[in-house]
Amino acid sequence: MPAEPSVLLSVPQSLSRSRTSASLDLLRRLFRTRFGGIGLIILVVISALSAFAPWFASNGPMDLGSPALQPPSWQHPLGTDSLGRDVRSVLLYAGRSSLTIGFCAAAMAFLIGGTIGAMAGYFRGAVAAVLLRVTDLFHTLPAIIIVLFSVSLMGSSFWLQVAAVALAIWPIEARIVYGQFITLSEREFVLAARAVGLSTFHIIFREILPNALPTVIVQVSLDASTAILIEAGLGFLGLSDPTMPSWGEMLNRGQEFLELAWWMSVFPGMAICIAVLGFNLFADGVTEMFNPRASAVAPKLEG
Amino acid sequence: MSLSPAGPPLLSARDVKVHLRVHRRIVKAVDGVDLDVYPGQCVGIVGESGSGKSTLGRAMTRLLPNVEIAELSGSVRFCGDDVLAMSSETMRALRRHRGLSMVFQDPLSYLNPTLRIDRQLAEALRHLGDRRAVQQKSAELLQQVGLDDSARILRLYPHELSGGMRQRVLIAMALAPDPQILVADEPTTALDATVQYQVIQTLRRLNKERNLAMLIITHDLGMVAELCDQVYVMQGGKIVEAADVFTLFDAPQNAYTASLLAAARRLHQTKVLGSAATP
Amino acid sequence: MSTPILSARSIVKSFGGRSWFGGAGNARRAVDAIDLDVNEGETLAIVGESGSGKSTLARMLLGLIKPTSGEVAYYGEPMGAFTAPDWATFRKAVQPIFQDPASSLNPRMRVDTTLSNVLLRHRLATRDTLAAEITELLASVGLDAAQFHDRYPHQLSGGQQQRIAIARAMAVRPRLIIADEPLSSLDMSVQAQILDLLISLKSSRNLGLVLISHDLNVVDAISDRVIVMYLGKVVEAGPTRQVLGNPANDYTRSLLAAKLVADPHLARERRLAMDAAVASKSRQTPTPDVQGASQ
């Protein structure tokens, strides 16, 4: 693996020691990347806004009291929709389900895909052959097909949506984790751990996995943005849980009124874009942190 | 061997400083270095990791990697012109013809894995223009570095060559622009002992037969003893001792130099075993 | 004559031999039918260049990979027949040290965590005695625990990293250490220090040592017996004095001829002698490069 420039020049690294200052150090490094800090801020802000929706919304998501199809005004900064709901309020509450589905689906994909990838990468041989073929099978089926299939079979309550999306994206996670485990299990500190008789459990979870984390974090982040997009697609097609508002569902509702009430579609659309942007920038930032050659931070001196 | 050199130095560094910014701290990688390389001379810069020798070599050839530079000062005069101050075009022209060439440590990283050797050499020989001239010169260059089977080697990809051959190809590419000085950073560290010895002898032959000046950057005192006429010892960004090779090994003035020599002698048995001078 | 700690009989390791349609395919023998014995307290050096198969051999001796054929035995017990308790015993008795100290330590683990994992796994310390054991272990490799115990590998120099790797190996009080090029990645002055450390540990604990190295100087300094490997086979073996002083094999001779010495006078003498020899005999020196081009 190519060395960091400072390693090439044998320059000493930072000296922060304890666990808390090591985390702060990581945060500092994230903010030093071009956009990683911005990505993190975006995610924190939209998560906070959604989580604390009651504080920021003027009405509940189901309050139908206001006049319908009003353009943005002081009273309703984002307008009202066809049912007379305040768009801003619905947006915030919808954010809860969209973001939660995104996070949960990514986490579930990591659990399924990560386990499969780790086992294939560490144990190799026949185990790997079988697991990889299963992974390939799911990988070749388009995400939309899998999701539509599951939802039409099993319905669209919250957890079923999460499971459907996770089912669509776990193969990517599996491949990434597999690749990491293949390379890391050849590293000498893993050989040393085997030679000293440490248990397989310890080797996988305490030795290899922490070193695979940067790559995994990036992938989970990207998976979350994919999950949000898939969920938006489900909502747009009218297949999401009707009892919970979501950004996709708002887009669905706004479709009919595209000419009359553009604010019903534009704002949820923007919300989705911002969320996806946040995850992607964060992922880029983490990549940059651990792979400095991938960026050109300082001016080159090459003549 | 070392005679007092006549005429002006080919490459002359004065008070070179390279200060890098790493995680909010300033690291003085190179802190005021003076250095001279005369035509036809082989100069060695010896130091351990962290001494700044690699940074110095890269600063002198303007090939520093992507790190934040807090300060880059001093002068590096090549035939009178300051390399650090000249424009990019002038530097590029220098690299292409009769200037400085650099050879790095890990040949696999510096050769394009998707191109055959003949294509890569042709890149370096673009200034010749004519295809036949390029082919002829390529074969010639490979022979100069001891790769006699040049026709076969030109058709190979880098991964099909052994480490020693790759390193020699890199040297051949560095020789293509007919440089006046070759700067080599740990040119044999990644190689096996027998191959290392051959590459060192190749470098020596190029130095003596073609009068090609060399600046060898290494941590290996054995290589310095084999190859160099003049030696600079570097520690913590500064030159702590400079002498001709015999004086340095026989009568080091500086305590750090003495400790390096002691360590080398601890490892190297200096009796040359009887059957060594064969086959 | 007591049983050797480790003995290998006709071990072979092939790579890339399997093919879905049967047949041997393109099998390459990294290790080609090697016999060797390592006795208690003895230092055996395995000399070879890249492609000689020495690292593969080391991994088979450590039980990290299985031989394609042949058997490695620990005090006469074949590894193929080991039960779980046998492995536990073996793992405490034979430990590795690798070439690149940076990569032989987990980059995300502190020094004390690395050592405590080992100590706790083999019940060599309890939670209460852990700190004291770690302090002693670090002291035995020349490091001050107060300063180093909470460092991460990237905060250590190459020499310090290698000392930690040695401390980890020594933690289980092994009888035999298998060191694969332990000095090659280190600076020269640090090499001398680590070499001295290995020598002192060896004598104070009656440790056996299998030292794999391409550096004949180091081999000469520390080993009792030598085997020379080339392309997976043993080409010469015997007591160090004899093999290095009076080599019988051409390959061994070429390795000796390539040895660099830190003495410009000797270097010059040797060059003059070689030039004279070449001039008078006008014989071509075979270059290993050309032979090894297909690797």
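Data table
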read-out: Gyration tensor (alpha-carbon) shape descriptor, the range C:128-182, a/c threshold 1.5; value: oblate
read-out: Anchor C:Lys259: lysines whose Cα lies under 24 Å away (excluding residues fewer than 8 positions away in-chain); value: B:Lys208, B:Lys271, C:Lys54, C:Lys233, C:Lys281
read-out: Global geometry of the protein assembly as shown, whether rounded, prolate or oblate, following the gyration tensor of its Cα atoms and the 1.5 cut on a/c; value: prolate
read-out: Normalised contact order of the range A:155-274, rounded percent, pairs of Cα under 8 Å and 6 or more residues apart; value: 23
read-out: Sequence-separation-based contact order of chain C, relative, with Cα cut under 8 Å and 6+ spacing, percent; value: 23
read-out: Given charges at beta-carbon only (K, R positive; D, E negative), |dipole| of chain C in Debye; value: 580
read-out: Fluctuation leader among A:Val90, A:Val127, A:Val220 - chain A, Gaussian network, Cα springs under 10 angstrom; value: A:Val127
read-out: Alpha-carbon centroids, the range C:206-258 and the range B:217-243: separation in whole Å; value: 30
read-out: P(r) histogram, all alpha-carbon pairs of the range B:134-279 included - 10 Å bins from 0, percent; value: 10, 35, 33, 17, 5, 0
read-out: Rounded percent of accessible protein surface that carbon and sulfur make up, the protein assembly as shown, 1.4 Å probe; value: 57
read-out: For the range A:25-43 versus the range A:148-179, the gap between their alpha-carbon centres in whole angstrom; value: 29
read-out: Relative contact order %, the range C:20-118, counting alpha carbon pairs below 8 Å whose residues are six or more apart; value: 16
read-out: Per-residue average of Cβ from other chains inside 10 Å of B:154-164; value: 3
read-out: Residue among C:Pro247, C:Pro264, C:Pro78 with the largest mean-square fluctuation in a Gaussian network model of chain C, springs linking Cα atoms under 10 Å; value: C:Pro264
read-out: Options A:Ile176, C:Val278, C:Ser254, ranked by Cα towards positive dipole end of the protein assembly as shown, top entry (Cβ charges); value: C:Val278
read-out: Neighbourhood charge, 14 Å Cβ-Cβ cut-off, centred on C:Glu181 and excluding it, Lys, Arg +1 and Asp, Glu -1; value: -4
read-out: Local electrostatic count at C:Trp87 - Lys and Arg +1, Asp and Glu -1, tallied over other residues with Cβ under 14 Å; value: +3
read-out: Over chain B: helical MRE at 222 nm, DSSP H runs n ≥ 4 each giving -39500 (n - 2.57), nearest 500; value: -10500 deg cm²/dmol
read-out: Neighbour net charge for C:Ile97 - beta-carbon separation under 12 angstrom, K R +1, D E -1; value: -2
read-out: Accessible surface, per residue, of the range B:44-154 when the full set of protein chains is kept, probe 1.4 Å, Å²; value: 47
read-out: Partner aspartates and glutamates for B:Lys17 [C-alpha distance under 20 Å; skip if fewer than 8 residues away on the same chain]; value: A:Glu302, B:Asp31, B:Asp34, B:Asp36, B:Glu48, B:Glu68, B:Glu71, B:Asp81, B:Asp82, B:Asp185, B:Glu241
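The values are calculated or read from the model by the stated rules, or taken from the named source; none is laboratory data. It should be emphasised that the depicted structure is a prediction, and the values quoted were computed from it without experimental measurement. We place every Cβ from the backbone using ideal geometry, glycine too, and count neighbours over all the protein chains shown. Surface areas here come from the heavy atoms of the whole protein model, side chains and all, with no ligands, DNA or RNA. Shrake-Rupley method; radii C 1.70, N 1.55, O 1.52, S 1.80 Å.
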